[in-house]
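The values are calculated or read from the model by the stated rules, or taken from the named source; none is laboratory data. The model shown is predicted, which means the values in this text are computed figures rather than measured ones. A quick note on method: Cβ atoms are made from the backbone with ideal geometry, for glycine too, and the neighbour counts reach across all protein chains shown. All accessible areas refer to the heavy atoms of the entire protein, side chains included, with ligands and DNA or RNA removed. Shrake-Rupley method; radii C 1.70, N 1.55, O 1.52, S 1.80 Å.
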Amino acid sequence: MNVKRGLSVETTQASNTETNGKKAAKRISFVVPGVLTVLILGVAIGLMPRLLHKNTLVAETRKLAVSSVALVSPAPGQSTAGLPLPAEIKAWAEASIYARVNGYLVKRYVDIGSQVTEGQLLAEIDTPELDQELARAKGQLVQAEAAVELAGLYSARWAFLLKSGFISDQENADKQADLKLKAAAVDSARAEVRRLEKLLSFNRLTAPFEGTITVRNI
């Protein structure tokens, strides 16, 4: 009985040892992969920043290796400060248009700032006194022409009587001189009519050249 009991004890101890060995091997099989995984993760975490830095450095190097050109369109700069200077604008040609006759303004066709062309009518003036003078001069011209016509008849008649011997040379000379005097009066009357007609034409004010009205004084 003692021998069998001893064998039972040894057998039991051997079984326990074998069971413990299996458990230890099983633990090792679980621990080793975990340790390896931790080591791999640690290495990956340590290398990741270096790889990122290396990739960034390579990208920047390639970018800097390519030459870049910036195109700029030129444009005048904005002046930050101005220099005001006094100035005066004058026309190349300037003419003051005055009325050469006295009268009353009938109508004004332009004003300050109006653009006009050469010969354009600017204003009209009513001249009643000048109209009366022209009418009187025309009447005097008619009288002078009638007088010279009558003097011509007398001079022709006196010239015929002189040839017949009925009048003297002095009487004939007086009639011829009177004819010349009447003819001169006609020429004078015609000149006066032409003068007044010319003066009357100034009642229409026109532009001497193309330009702009800048002053209006009436």
For Tyr109, indicate whether it is at pLDDT 80 or above, within 60 Å of the chain's Cα centre (by Cα), among the hydroxyl-bearing types (Ser, Thr, Tyr) and exposed (fewer than 10 other Cβ atoms within 10 Å of the Cβ). no
Here the residues within region 103-112 that are out of contact with any Ser or Thr (no Cβ under 7 Å at 6 or more places or on another chain), more than 15 Å from Asn217 (Cβ to Cβ) and assigned to a loop (DSSP other than H, G, I, E, B) are Tyr109
Would you mind stating whether Gln140 is in contact (Cβ under 8 Å) with a residue 40 or more places away in the chain, open to solvent by 50 Å² or more (accessible area, probe 1.4 Å), closer than 30 Å to Lys180 by Cβ and of a type outside the set (D, E, K, R)? yes
Per the list (1) touching a helix residue (DSSP H, G or I) at 6+ places or on another chain (Cβ under 9 Å); (2) outside any helix (DSSP H, G or I); (3) not basic (Lys, Arg), residue check on Leu179 breaks on (2)
Checked region 171-214 for anything touching a Ser or Thr at 6+ places or on another chain (Cβ under 8 Å), surrounded by fewer than 18 Cβ atoms within 10 Å (Cβ to Cβ) and more than 30 Å from Tyr154 (Cα to Cα); matches are Leu200, Glu210, Thr212, Ile213
Would you call Leu150 more than 60 Å from the chain's Cα centre (by Cα), surrounded by 17 or more Cβ atoms within 10 Å (Cβ to Cβ), over 30 Å from Tyr98 (Cβ atoms) and not acidic (Asp, Glu)? no
Out of (1) farther than 15 Å from Arg216 by Cβ; (2) modelled with pLDDT of 85 or more; (3) assigned to a loop (DSSP other than H, G, I, E, B); (4) not charged (D, E, K, R), the one Ile97 does not meet is (1)
Would you pick out the residues in region 113-137 that are open to solvent by 50 Å² or more (accessible area, probe 1.4 Å) and assigned to a helix (DSSP H, G or I)? Pro128, Glu129, Asp131, Gln132, Glu133, Ala135, Arg136
